[in-house]
Structure formats: structure tokens, C-alpha cells
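Down below is the structure, laid out as C-alpha cells.
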Amino acid sequence: MTNRSLAQPAPPPPATTRELRGLDLYRSRGAEIEHIGHGVYRVPACGGGVYEVNLKVFADEPESCNCPDYQRHKQTCKHVYAATVARAKARMRARTVQAERTKARASRASLAPLAAAL
Ligand SMILES: [Zn+2]
């Protein structure tokens, strides 16, 4: 064992094939992923059509997808991963918009006394 191996953090576990395929799906067709309800997304299917994905809204809820892969293996499929990325990106955009509104409001509020003095 060398000092170098102690100093470096363990590499993250390799991504699974389904994770990578979900990321590919998001990259190529993420714009087509549709949020249709509370944690429910329509995700394009590679062979045409769409699958309906239910993402966890609370930690103890199950996720699901009506694709054959999920139905057969009961494992997180690429559609669930793609919808998860879409949800995370949408939340990030919403947070950015909110932060900009807050900043604009704060800026207006700091100018109000100055404007009142004019
Ligand atoms: Zn699926």
C-alpha cells in the first residue's frame, strides 16, 4: 500500500448499463420527456411510442415503468433514469429562475429608498 492510494478517494462505482442507457436516452430525446402529473412522466420509447414512468415522490414509494424491461426484471430501467435526469434538470431550472426573481426583488427593494428620495 502506498501513501498515494490512501490520499485518493475511492473511485465511484462504475455506472450500470441501464444508467448509461438512461443518460443516452436523456441526451438524445430528453426534450420529448413530458411531465404529466405528480411524479409521472411520459418517456419516448426507442421503438416508437412512449412509456409511462412513475418516479418516487416520497422515499418509501416505489418507482415504476410500463416498459417490458421493467416489467420483466423489476429493476430501474433506462426510462426511469432518463425521467430522473429530466426531473433534476427541471428542478435546477426552477431554482435558478426563483433565485433570479429573488435577486431582482432585493435589488428593487434596495433602490426603493433612493427612488423615494428623488
Ligand atoms: Zn422502462
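None of the figures in this text is laboratory data; all of them are computed from the coordinates on show. Just so it is clear, the model here is predicted, and its values are computed rather than measured. Glycine also receives a Cβ, built like all others from the backbone with ideal geometry; neighbour counts cover every protein chain displayed.
Remarks
- For region 91-102, putting each phi into the Karplus relation 6.51 cos²θ - 1.76 cosθ + 1.60 with θ = phi - 60° gives couplings of 5, 5, 5, 4, 5, 5, 4, 4, 5, 5, 5, 4 Hz, in residue order, rounded to whole numbers and with x for Gly and Pro.
- The HN-Hα couplings worked out from phi for region 80-86 by the Karplus form 6.51 cos²θ - 1.76 cosθ + 1.60 (θ = phi - 60°) are 5, 4, 5, 5, 4, 5, 4 Hz, whole numbers, x standing for Gly and Pro.
- Interchain or long-range residues, amide H under 5 Å from A45's placed H: V50, Y51
- For region 38-51, Karplus couplings with θ = phi - 60° (6.51, -1.76, 1.60), whole Hz, Gly/Pro x: 4, x, 10, 10, 9, 10, x, 8, 4, x, x, x, 9, 10
- Point-to-point label distance, R72-L118, nm (Cα→Cβ direction, 7 Å offset): 6.8 nm
- Ellipsoid fit via the Cα gyration tensor, region 45-88: semi-axes of 17, 13, 8 Å, each the root of five times an eigenvalue, largest first.
- Evaluated at q = 0.11, 0.17, 0.20, 0.22 Å⁻¹: base-10 log I(q)/I(0), Debye formula over Cα of the chain: -0.56, -0.86, -1.05, -1.19
- Estimated 222 nm signal from helices in the chain, with DSSP H stretches of n ≥ 4 weighted -39500 (n - 2.57), rounded to 500: -18000 deg cm²/dmol
- Positive end of the dipole of region 3-118 (Cβ unit charges, origin at the Cα centre): among I33, A90, L114, the Cα lying farthest that way belongs to L114.
- Shape call, region 77-118: gyration tensor on alpha carbons, a/c limit 1.5: prolate
- For region 17-85, radius of gyration divided by Kirkwood radius, i.e. Rg to Rh on alpha-carbons: 0.93
- Residues with amide H under 5 Å from that of N66, placed H, sequence gap 5 or more: E52
- Pairs of Lys residues in the chain are counted when their Cα atoms are under 25 angstrom apart and they lie 8 or more places apart or on different chains; the count is 5.
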